[in-house]
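Trainee: There's a structure below that I have some questions on.
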Amino acid sequence: MAKKALISGASVAGPMTAYWLARHGWDVTIVERADSLRLGGQAIDITDAARDIVRLMGLEEEIKSRHTGEKGLQFVDTDNVAIAKFPVEKKGAITREIEILRGELVDILVKATPETVTYRYGTTIRGLESLADAVHVTFDDGMKETFDVVLAADGMNSATRPMVIGKHDYERYLGCWSSYFTIPRQAHDNDWWRWYTSPTGVIAFLRPDNQGTMRASVNFLSADSNPEHMSTNDKRKRLRARLDGAGWESDRIAEALDRVDDIFLSPLHQIKSATWWRGRCALVGDAAHCPTPYTGMGTTLAIIGAYVLANELGTNDAPEEAFLAYERKFKAFATRSQKLPPGVPDVAYAQSRFKVKLINSGAKFAASSPVQAFASLFDSADKADPNNFDLPDYKVPAA
Ligand SMILES: Cc1cc2nc3c(=O)[nH]c(=O)nc-3n(C[C@H](O)[C@H](O)[C@H](O)COP(=O)(O)OP(=O)(O)OC[C@H]3O[C@@H](n4cnc5c(N)ncnc54)[C@H](O)[C@@H]3O)c2cc1C
């Protein structure tokens, strides 16, 4: 009889794990808290071994073809004048070759999972009991079911994580919040990622997409680290309060919030846990090792971790052996990838006009020709990256 896995979370790590488990003949169910797939968010990039994995799945060309068309990053002042430009081809450009809207990637991954994978929306896990030979699960509607393994892929603020590994001190709050949502495009918008630093402690972005809309992000410093459940109205209120008096396009963004339903808003925590599993349950993706968007590695790590975890489960009889191998092969890379650039995030935020000037002058210097020429001496496309992950080669039955 096929082995049964329950996965919590249908974003990147969940469907990716399901795809590879299904290739090994597992019977997989995914529960997602939202009533449908959450397709919001900005462009994310896929680097390192994650690129090899999407190639193995036959998805690389489709992902590449969905590039958002972003031309690069511009630091702008309150009048939208570009102070510093980092075009895609320049050093320091954050826009990369594989740059796809998070929602489009999630859609592609969910469609790549075979029909044998069952998705249950509007459902969460209320309780877990991990025994020697099975895990007994109670869902939020009171239904009970038994699985061979349970995998938590429900993100940075995973509610399943404490049920799996207990409540330890594994959250490192970075002192700031981020939000992502989609707003209408206007005639003056361009195809650059515009980055605005406000003297009120807010950083706001507007990024183009390939769907005729703009992807907004509002980021701010806060001593409050609690990701308690917020209704969409609560999120709108919090964001409007932060945008008030911030300058630039803040009034436009605040007004657009009234018509946005899917808002991602959360304090940013890095997740650093000594272990990612207990008994027959394990963590995967941001739930295990969230690096935060400041590293640009969240999606790449979720893809690689899901691949390793699912293939270890597919090639080991005992889940415990698979979880040990998953940690042994992947944890060091995931931990290295959580390294934040020096001073980040504090150095990026300003709470005075003077600091805004300092930040913008720094960006202008970094974008200048001499600095770019110097940086290129140390960069070469084919240079081996010491951080690269050595992708294990698994024997996987044909799709
Ligand atoms: C709506 C949204 C927008 C995002 N936008 C960006 C972005 O613009 N830039 C960026 O760098 N990162 C963004 N992220 C985070 C990014 O997707 C992850 O860092 C990365 O891709 C790793 O994915 P993950 O699957 O591990 O976790 P996540 O992408 O966080 O997905 C977790 C999933 O679990 C679901 N979930 C949460 N709690 C439960 C529960 N109790 N039971 C069942 N399901 C649950 C969530 O609804 C979500 O679908 C966004 C995440 C979301 C959910």
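Trainee: Quick one: accessible area per residue over the chain, 1.4 Å probe, rounded to a whole number of Å²?
Mentor: Value returned for the chain: 45 Å² of accessible area per residue.
Trainee: Give the long-range amide H neighbours of residue 26: residues separated by 5 or more places, or on another chain, with amide H under 5 Å away, using H modelled in the peptide plane at 1.01 Å from N.
Mentor: Here the answer is none, since no amide H 5 or more places off falls under 5 Å of that of residue 26.
Trainee: Checking understanding here: applying a Kyte-Doolittle mean of at least 0.5 and a length along the axis of at least 27 Å (C-alpha), which whole DSSP H helices in the chain pass?
Mentor: none
Trainee: In addition: Using R₀ = 35 Å, calculate the FRET efficiency as 1/(1 + (r/R₀)^6) where r is the Cβ-Cβ separation of residue 77 and residue 121; round to 0.05.
Mentor: Rounded to the nearest 0.05, the efficiency is 0.20.
Trainee: Per residue of the stretch 280-292, what does 6.51 cos²θ - 1.76 cosθ + 1.60 with θ = phi - 60° give for ³J(HN,Hα)? Whole Hz please, x for Gly and Pro, Karplus curve as stated.
Mentor: 9, 10, 8, 9, 8, x, 4, 4, 8, 8, 3, x, 6
Trainee: If you roll a 1.4 angstrom probe over the protein chains with everything in place, what fraction of the accessible area of the stretch 88-227 belongs to carbon and sulfur, to the nearest %?
Mentor: 51 percent
Trainee: What net charge is computed for the residues neighbouring residue 224, neighbours being all others with C-beta under 15 Å from the C-beta of residue 224, Lys and Arg scored +1, Asp and Glu -1?
Mentor: Every neighbour counted, the sum reads +1.
Trainee: Let me ask something else. Let me check I've understood the local charge: for residue 44, count other residues with C-beta under 9 angstrom from its C-beta, Lys and Arg +1, Asp and Glu -1. What total comes out?
Mentor: Cβ neighbours under 9 Å give a net charge of -1.
Trainee: What is the spin-label model distance, in nm, from residue 55 to residue 144 if the labels are put 7 Å beyond Cα along the C-beta direction?
Mentor: The answer from the label model is 4.9 nm.
Trainee: Rounded to the nearest 0.05, what FRET efficiency do residue 88 and residue 395 give with R0 = 45 Å and r taken as the Cβ-Cβ distance? Could you check?
Mentor: My answer for the efficiency is 0.75.
Trainee: At a 1.4 Å probe radius, carbon and sulfur cover how many percent of the accessible area of the stretch 15-63?
Mentor: Percent of accessible area from carbon and sulfur atoms in the stretch 15-63: 43.
Trainee: Take residue 186, project a point 7 Å from its Cα along the Cβ direction, then tell me which residues of the stretch 210-251 have their backbone nitrogen under 11 Å from it.
Mentor: Only 248-251 fall inside the zone, counting backbone N under 11 Å.
Trainee: What does the charge dipole of the chain about its Cα centre add up to, to the nearest 20 debye, if the Cβ of each Lys and Arg holds +1 and the Cβ of each Asp and Glu holds -1?
Mentor: My answer is approximately 940 debye.
Trainee: Where in the stretch 273-294 is the amide nitrogen less than 20 Å from a point lying 7 Å along the Cα-to-Cβ axis of residue 366?
Mentor: 291-294
Trainee: On to the next question. Local charge sum around residue 2 (other residues, Cβ-Cβ under 13 Å, Lys/Arg +1, Asp/Glu -1)?
Mentor: Net of charged neighbours comes to +1.
Trainee: Which length gain, in nm to one decimal place, applies between residue 261 and residue 35 when the Cα-Cα distance is subtracted from 0.36 nm times their residue separation?
Mentor: Stretched fully, the residue 261-residue 35 segment lengthens by 80.1 nm.
Trainee: Amide H to amide H under 5 Å from residue 10: which residues, 5+ apart in sequence or cross-chain, H placed 1.01 Å off N in plane?
Mentor: 33
Trainee: If you don't mind, there's one more thing I want to ask. Quick one: the Cα spread of the chain along its three principal axes, in angstroms, biggest first?
Mentor: Taking the Cα atoms of the chain, the three principal extents are 64, 48, 38 Å.
Trainee: Here's a follow-up. Need the full-extension length gain, residue 317 to residue 347, defined as separation in residues times 0.36 nm minus the C-alpha distance. One decimal, nm.
Mentor: So the extension gain works out to 6.0 nm.
The values are calculated or read from the model by the stated rules, or taken from the named source; none is laboratory data. All values derive from a computational prediction rather than experimental measurement. Cβ sites come from the backbone with ideal geometry, for glycine too, and all protein chains shown count toward neighbours. Side chains are part of the model used for accessible areas, which takes the heavy atoms of the whole protein and leaves out ligands, DNA and RNA. Shrake-Rupley method; radii C 1.70, N 1.55, O 1.52, S 1.80 Å.
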